[in-house]
Structures are given as structure tokens and as C-alpha cells.
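Only the coordinates and a few stated rules stand behind these numbers; no lab work does. Only a predicted model underlies this, so the values are computations on that prediction, with no experimental measurement involved. Cβ placement follows ideal geometry from the backbone for every residue including glycine, while neighbour counts extend to all protein chains displayed.
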Amino acid sequence: MVIKADNKRKLNKLIEELGSIRGRGTELVSIYCPYDYDLTEIVNQLREEEAEAGNIKSKRTRKNVQSALSKMVDHLKEFERTPDNGVAVFCGNVSQREGKTNIKLWDIEPFKKIEVKLYRCGKEFKLGPLREMLEEGAEYGMIVIDTRNADLGVLKGKKVVPKQHISSIVPGKSKPGGQSAARFERVREGLLEDYLKDVAEAVKQVFGSEDLKGFIVGGPGPLKEKFIGNDYLSESTKDDIITVKSTSYTGQQGFEELLRKSREELRETELKEEKDLIQEIFNRLRENGKISYGVDTVIRSLKMGAAERVIVSEDLDIKKIYASCDCGYSKEEITEDLDIETCPDCGEDLSIEEESIIDVFKEMAENTGATVELVSTDTSEGEQLYKMGGVAAFLRFRIE
Ligand SMILES: [Zn+2]
């Protein structure tokens, strides 16, 4: 069965667990199968690797790698198809005792699509692609500018993606000999004006089509203030500026410096949306009651087509559990953990299927044109929502 890491917290836990394991040799095997890739191809590749592994010099490493690969093949053969988001499989000897082997396997379907295909044997599991999923978040526009250069970039999670570089031909302030100071200053002002207009145009072109949460602006000297303080940028762009910081550089170094100095403001912006959203739930609850909360009530409102936006706490750890037995017994429950493991009718082990409550909400929402949004418990409002049952829904009409 695939371990569903359907939220950041679960994935983070798994990454911590896997990250703490060290192989004695290069014997820990990691595989990433992209969401749109045929798993049988992966199985074929693993079989080839298994044959290749015969060449590994160290007897112990060879044995461990071969055992891991054959376990992975056996496991993946059972899959009917590639899971929706792809699958990452990790396998290797986790025994810390010399001479002992304990080959363990993890298969993880993360909450985001796996886009990368990867096979790796190492002393550690390859966790980079999963870690990146945790880092991805909202996107922000970045502008660093001084009289010589301007750089535009987009902040994606923790990564800055440079978008455009503009160089100016504005001369320095000291005037070359033979020119009148006034004339030189006029020419310089004209060039500066053209340059700032070019940068503003680039801002429009580069960021116009992006779905950004806001901008952060930096650069050495006072030009950045001149740029944003006048009419170069549209009013709505100016409203979206989160913070302005002095940096020593433009370019990549400027981006990094700006990011470092803006951490706090960005974090607050991230949380502000969550705070506002949950605050709106409380307001609606007071004003007209077009809100439902708690798992059961929200499910009911979804069934009725009344729910419009479902807001779920990331920490809500409730599942829809379906237990069944060959004798015909079955039970379905929405709960944290099922209280029975064996069939109450015949005593055999039950076969158990689980679905996270977030997936349950999403499926129901899809059928009725509602949306599902996740919020953290990093704010006091988020904690309050968690205490109210971990989920609330904005309603199209009131339900009794
Ligand atoms: Zn039974």
C-alpha cells in the first residue's frame, strides 16, 4: 500500500525519518516515478539494475543492493497503475548492527505531482525532490534596481528565478569636461527617465501574466524610491509592494540579499491571508450563519450542494476508513483510527482502505463546484479553526 503524504506535515515526517538513515555502503536505493510515467518501465529498469549490481565489489553491499532491488520489483509489480501523483520508493538495509540485515521499503505518493524520473544508489536516500515540494509556496515578484542595472525575478518557494536584466546608459553624476553642468544634468535626467520607463515596461511585461502575491523591491541608493514613488508603475502594482529594502547589489546577489532582508515581511504576508480568511469565517458566523463547521456538518453541506468554499486545517488527521472481510462484513467510518482490527463476525483480519478526509472533501467539492483550501495552525486563528473541528465551509445558503 502506498503511504499517502497528502499534506506537508506528513511528508515532512517521512522525510525526517528517511533522512536519518545511513547506509554502510552505497546501498540505499531511491526511485522517483513521475505521475505520467509507466511503472512497468521502472520495474524493467530495476531488473536491469539488479543484474548490473552483480558487479559491485563489496560482497555485503552487493547483497544489500540486490535484496533491495528485488524487494522493490516485487512490490511495484503489484501496482495496477502509476498513482495519480506518481510514486517515490525507497528501499535498503536499515539495520545498524554489523552482519545483520533488515531491508525496509517505503513507497510514498506525495501531495504534489512528481515530475522527475530518478534512480539512485547511495549512502543516503535521495530526498531532494520531496524536500522541494515542502518549499514550494506562493510566488512573489522581485525588483532590484540602481542607476546602472535593474533585475526582475520571481520568488518561487525559496528559489529566485531571474526573469529579465536591464542595463542603463545613464552616466555617472560627475560631468565630463567641456560640457555645461546644466546641459549635462538635463541629458542625464532624460536618460534616467527613459531607463525607469523601460524598467516599468519590463515589470508590466514580465509580471503581468504571473499570479503573484506581491512584490519586494531592493537596490543600492535612492533610485528604487524614485522608481516606486512616482508614476512609473501602475497604482495596483504599487499597492502590491510588500516591502522595500536597501541592498548592496543588484543581480543575483541583490536578489539574495533582498530575500534575506524581507523574510519577516513575506512570512507575515503568507499568514495574513490565512488570518483574514479564518476571520471572515468568524464574521460570517456572527452575521448570518452561512457557515458550517466540523467534519460531519461540512460533509452534509457538501452533499446538499450548499458548501461553496471549504477551509481545512492542514493538521486535521481524520480519515475515511473502509474495513471489509471475506465473510461479507464491512464497515465505513470517518475517524482518526478504527477501533477494530479483526472481523466481529468471524474473527479474521479485516482488509482496510483509507482515504484522507481532505481527499474526501476534494472529491465531494469537485462534484458540486466547491473549492477546498488548506490553512496552517501557525496563526492563532488557525488554531481556533482546528479546535472548532478543523474544517469550516462558506455556504451558498443556510442549512439547518
Ligand atoms: Zn468476517
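Brief remarks on what is shown
- For the chain, the Cα gyration tensor yields ellipsoid semi-axes of 50, 34, 16 Å (square root of five times each eigenvalue, largest first, whole Å).
- Dividing the helix sum by the residues of the chain, where each DSSP H run of 4 or more adds -39500 (n - 2.57), gives a mean residue ellipticity at 222 nm of -13000 deg cm²/dmol.
- Fraction of C-alpha pairs exceeding 20 angstrom in the range 139-268: 43 percent, rounded to a whole number.
- Using a cut-off of 19 Å between Cα atoms, the listed pairs Lys8/Lys117; Lys71/Lys100; Lys320/Lys362; Lys71/Lys319; Lys77/Lys123; Lys13/Lys112 include Lys8/Lys117; Lys71/Lys319; Lys77/Lys123 as exceeding that distance.
- Cα-centred dipole magnitude for the range 17-174, charges only on beta-carbon of K, R (+1) and D, E (-1), debye, nearest 20: 900 debye
- Each principal axis of the Cα atoms in the range 3-135 has its own extent, and those three values, largest first, are 39, 29, 20 angstrom.
- Karplus (6.51, -1.76, 1.60) ³J(HN,Hα), θ = phi - 60°, over the range 147-152, in Hz, Gly and Pro reported as x: 5, 9, 9, 9, 10, 10
- Per-selection Kirkwood Rh - the range 225-279 (Cα, Å, 1 d.p.): 13.0 Å
- Debye equation applied to the C-alpha atoms of the range 76-212, log10 I(q)/I(0) at 0.14, 0.16, 0.17, 0.21 Å⁻¹: -0.83, -0.95, -1.00, -1.20
- Kirkwood-type radius of the range 288-395, with distances r between different C-alpha atoms, in Å: 14.9 Å
- 5 angstrom amide H check on Glu139, placed H, neighbours 5+ away: Lys213
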